[in-house]
Every structure is written in structure tokens, then in C-alpha cells.
Amino acid sequence: MQVLLVAGTILALPILVPLLVIHSGWMALVVAAPMGLAGGLADAAGIDLIIRSCPKGFEGSVFAGVSGLAAIVGQSSNLLGTSLFERYLKFPWLSR
């Protein structure tokens with residue numbers, strides 16, 4: 001389990017770096033697969049750690065709580081990102 005956690009963390013650290021090389025739709029497709037694999041491995045390691053850390057019999061409750069919290073954090077991130085984008089980064093070519 002420790003190997004999965006360390007590998008997932010190390011692979012997830014540079015996960016956004018490939019976004020710097022995207023200049024076309026084709027490059028976005030090529031870069032999406034490794035980014036998704038690295039993010040999935042990091043998520044699996046984190047969820048495995050959470051499930052192993054909870055008491056026996058509460059795995060379902062803990063997983064439901066973590067999933068709900070992840071949904072809330074994800075939507076809050078979308079809201080914050082949208083407000084920052086609208087306020088500071090107005091790209092006219094995106095509104096076509």
C-alpha cells in the first residue's frame with residue numbers, strides 16, 4: 001500500500017505540466033491519457049488510504065462522506081475558477 005501511495009503522489013505532482021504543450025485539439029487528446037492515468041492512480045491511492053484508516057464496518061459511510069466532500073470541493077473549484085476567469089482573463093477567441 002505504501003508503494004501505491006508514494007507512486008501515486010509522485011506521479012500526481014507534475015500532472016498539470018503537460019497543459020503547457022497543448023496547442024491544438026490533437027495535442028489535447030494525446031496529453032489527456034497520461035494525465036488521466038496519473039490522476040487516477042493518485043485518487044486510488046488516496047481513497048485506499050482513507051478506506052484502510054477507518055474502523056471496520058464504517059467503510060461505506062466513510063466512502064460516502066469522502067465522495068460527497070469531493071463533489072462539494074469540485075463544484076467550489078469550478079465556481080472559483082469561473083469567477084477568477086471572468087474577472088481577470090477575458091479571452092475573446094473563447095467566446096466564438
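Readers should treat all values here as calculations from the given coordinates under stated rules, not as data from a laboratory. Please read all numbers here as calculations on a predicted model, not as lab measurements. Here Cβ is always computed from backbone atoms with ideal geometry, including for glycine, and neighbour counts include all displayed protein chains.
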Going residue by residue through the stretch 48-61, the Karplus relation 6.51 cos²θ - 1.76 cosθ + 1.60 with θ = phi - 60° gives ³J(HN,Hα) values, rounded to whole Hz and with x marking Gly or Pro, of 4, 4, 5, 5, 5, 7, 8, x, 4, x, 10, 4, x, 5
Stokes-Einstein D for the stretch 1-53 (37 °C, 0.692 mPa s, Kirkwood Rh from Cα pairs), in µm²/s, comes to 278
When the charge dipole of the chain is computed with +1 at the Cβ of Lys and Arg and -1 at the Cβ of Asp and Glu, the Cα pointing farthest to the positive end, of 69, 88, 24, is that of 88
Beyond 24 Å, the calculated P(r) of the chain holds a percent of Cα-Cα pairs equal to 42
